[in-house]
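> Take a look at the following structure, please.
The values are calculated or read from the model by the stated rules, or taken from the named source; none is laboratory data. Everything numeric in this text was worked out from a predicted model, so none of it was measured. Every residue, glycine as well, gets a Cβ built from its backbone with ideal geometry; the counts of neighbours run over all protein chains shown.
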Amino acid sequence: MDCLFCKIVSGEIPSTIVYQDEDCVAFRDINPQAPTHVLVIPRQHFASLSEAAQNPALLGHLLSVCAGIAKAEGIAEDGYRVVTNIGTNGAQSVKHLHFHVLGGRKMTEEMA
Ligand code: 5GP
Ligand code: ZN
């Protein structure tokens, strides 16, 4: 499958990995929108949150990893944001489920 993030999981495309386990990989976003901007993705390909909806244990694990990364990055105390974009209206550009962990600056109050 021609998927950018599957290639990051396999190592075919290099990335700066900050955490990995048997189910997921977390790496720094190539175009960071905040001082800390990490992407948390499942090793298994799901196009988006919608496709992974039948896997609550995996989704819970991914969110738990997001919180652990925030702690490890030192952004947890001041607060941070976890975002996942879904589909066209969600402005999702990479069609492999990923959670953005953003912190190190005050986020805007807009949801968009
Ligand atoms: P989306 O817009 O789909 O929610 O987010 C995709 C994210 O992937 C963007 O923030 C973008 O900067 C990031 N990204 C795209 N290509 C690469 C890449 O090759 N390496 C890394 N580390 N991040 C990427
Ligand atoms: Zn993929």
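> State whether the residues of the range 44-53 include one that is without any contact (Cβ under 8 Å) to a residue 60 or more places away in the chain and touching a Cys at 6+ places or on another chain (Cβ under 8 Å).
Residues of the range 44-53 that are without any contact (Cβ under 8 Å) to a residue 60 or more places away in the chain, as a first pass: 44-53.
Imposing the further condition that a residue be touching a Cys at 6+ places or on another chain (Cβ under 8 Å) reduces the set to 45.
Yes; the residues of the range 44-53 include at least one that is without any contact (Cβ under 8 Å) to a residue 60 or more places away in the chain and touching a Cys at 6+ places or on another chain (Cβ under 8 Å).
> Could you list all residues from the range 29-55 that are exposed (fewer than 15 other Cβ atoms within 10 Å of the Cβ) and either polar (S, T, N, Q) or closer than 20 Å to N85 by Cβ (or both)? If you could, list the steps in order and put the result at the bottom.
Going residue by residue through the range 29-55, those that are exposed (fewer than 15 other Cβ atoms within 10 Å of the Cβ) are 30-33, 35, 44, 50-51, 53-54.
Scanning the range 29-55 gives I30, N31, P32, Q33, Q44, S50, E51, A53, Q54.
> Further question: Could we say that M1 is surrounded by fewer than 12 Cβ atoms within 10 Å (Cβ to Cβ) and in contact (Cβ under 8 Å) with a residue 40 or more places away in the chain here?
Working: surrounded by fewer than 12 Cβ atoms within 10 Å (Cβ to Cβ): yes; in contact (Cβ under 8 Å) with a residue 40 or more places away in the chain: yes.
When the stated conditions are applied, M1 passes them.
> Still on this structure, I have one more. What number of residues in the range 1-30 are more than 10 Å from ligand 1 (Cβ to nearest atom) and more than 18 Å from G103 (Cβ to Cβ)?
Here is the first cut: in the range 1-30, the residues more than 10 Å from ligand 1 (Cβ to nearest atom) are 1-3, 6, 9-12, 18-26.
Pick out the ones that are also more than 18 Å from G103 (Cβ to Cβ) and you get 1-3, 6, 9-12, 20-25.
Residues that pass the stated criteria total 14.
> Can you run down the residue pairs with Cβ atoms below 9 Å, 6 or more apart or on separate chains, where the first is in the range 68-97 and loosely packed, with under 14 Cβ neighbours inside 10 Å and the partner is of a type in the set (S, T, N, Q) and modelled with pLDDT of 95 or more?
Pairs that qualify, where the first residue is loosely packed, with under 14 Cβ neighbours inside 10 Å and the partner is of a type in the set (S, T, N, Q) and modelled with pLDDT of 95 or more, are G74/T36; G87/S48; G87/S50; G90/S48; G90/T84; A91/N85; S93/N85.
> Does R105 qualify as being in a strand (DSSP E or B) and charged (D, E, K, R)?
On the way: in a strand (DSSP E or B): no; charged (D, E, K, R): yes.
The answer is no for R105.
> With the structure loaded, tell me whether R81 is over 20 Å from C3 (Cα atoms) and not acidic (D, E) or whether it fails that test.
Values: over 20 Å from C3 (Cα atoms): yes; not acidic (D, E): yes.
Judged against the criteria, R81 is a match.
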